[in-house]
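Take a look at the structure below.
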Amino acid sequence: MHFTDQLNRRVFLPKIPERIISLVPSQTELLFDLGLEQQLVGVTKFCVHPGHLRKTKTIVGGTKNFHLDIIDSLQPDLIIGNKEENDRDGIERLAETYPVWMSDILTLEDNLNMIREMGEIFQKSKEANQIIKRLGDDLSKLLPPKGTAIYLIWNAPIMVAGTNTFINEMLKFAGFKNLIVNERYPILTEEELRLINPEFVLLSSEPFPFQVRHVEHFQEILPHSRILKVDGELFSWYGTRLLQSRRYFEELS
């Protein structure tokens, strides 16, 4: 069977995969929700949902510094990765030996297509379509406008989510107008933050774990902005984690 991944790469699978390694936490959760826990043999140290997987599956490293020797010992018949989250050189090395299916999620539609493809690869289309329908019901209509915002993913240096990112898509859905017009994840100075002067500053829980002291610091810099510490998973994870996003965004203000 041939499949085309979201990087337009052809992936040949001689049979339904029975030994899967997932290098992406959100996609690990999706595979579990599709009923593929037994087929998952390897996950990353960041695959925290569901919580027991890191105790029952082999940890292959992080999303960018995965260990090739551990992966080799597991003899996977499919590795699932993501363009943004995984190290390109490492993925290319893995693809020399194993089938590797890569996602590239920038929009909600990309996410639905990824879920649909996972369903086809593992002959779990019924389960995948049920998830797609639930997400379609949840995410089909944007929430009412909340105001202008910037979304910080890192501190020292201050790194923010710009356009051409999945976070930007989720900000739009949640009712925020992202004031960062640069693509990807530009770095800003504190003075640039003052000049932008957003109504909301959203401090993500990941990848940098912003704390209360950071809220207080940015409040001093931007006394007229509302500083919120937010659940980064619900802004940046795709797959089934998005089923929790709408209610969270409705209550976020």
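Please tell me if G51 is in a loop (DSSP other than H, G, I, E, B), surrounded by fewer than 15 Cβ atoms within 10 Å (Cβ to Cβ), among the small types (G, A, S) and free of Cβ contacts under 8 Å to residues at least 60 places away in the same chain. Give the steps one after another, and end with the answer.
Details: in a loop (DSSP other than H, G, I, E, B): yes; surrounded by fewer than 15 Cβ atoms within 10 Å (Cβ to Cβ): yes; among the small types (G, A, S): yes; free of Cβ contacts under 8 Å to residues at least 60 places away in the same chain: yes.
When the stated conditions are applied, G51 passes them.
Of all positions in the range 118-133, at least one carries a residue that is surrounded by fewer than 21 Cβ atoms within 10 Å (Cβ to Cβ), under 23 Å from E233 (Cα atoms) and touching a residue at least 24 places away in the same chain (Cβ under 8 Å).
Scanning the range 54-91 for residues that are assigned to a helix (DSSP H, G or I) and polar (S, T, N, Q), which turns out nearest to V24 (Cα to Cα)?
By that ranking, first place goes to T56.
Note on the range 61-100: among residues that are under 25 Å from K15 (Cα atoms) and among the small types (G, A, S), the one that is nearest to the chain's Cα centre (by Cα) is G81. How many of the residues making up the range 201-235 are within 22 Å of the chain's Cα centre (by Cα), of a type outside the set (V, I, T) and closer than 20 Å to P157 by Cα? Of the residues in the range 201-235, 13 are within 22 Å of the chain's Cα centre (by Cα), of a type outside the set (V, I, T) and closer than 20 Å to P157 by Cα.
For the range 5-28, residues that are surrounded by fewer than 23 Cβ atoms within 10 Å (Cβ to Cβ) and over 18 Å from R88 (Cα atoms) total 8.
The residue that is farthest from the chain's Cα centre (by Cα), counting only those in the range 168-200 that are surrounded by fewer than 19 Cβ atoms within 10 Å (Cβ to Cβ) and among the acidic types (D, E), is E191.
Throughout, read-outs are computed from the coordinates displayed, never taken from laboratory work. Model, not experiment: these values are computed from the prediction. As a convention, Cβ positions derive from the backbone with ideal geometry for all residues, glycine included, and neighbour counts pool all protein chains shown.
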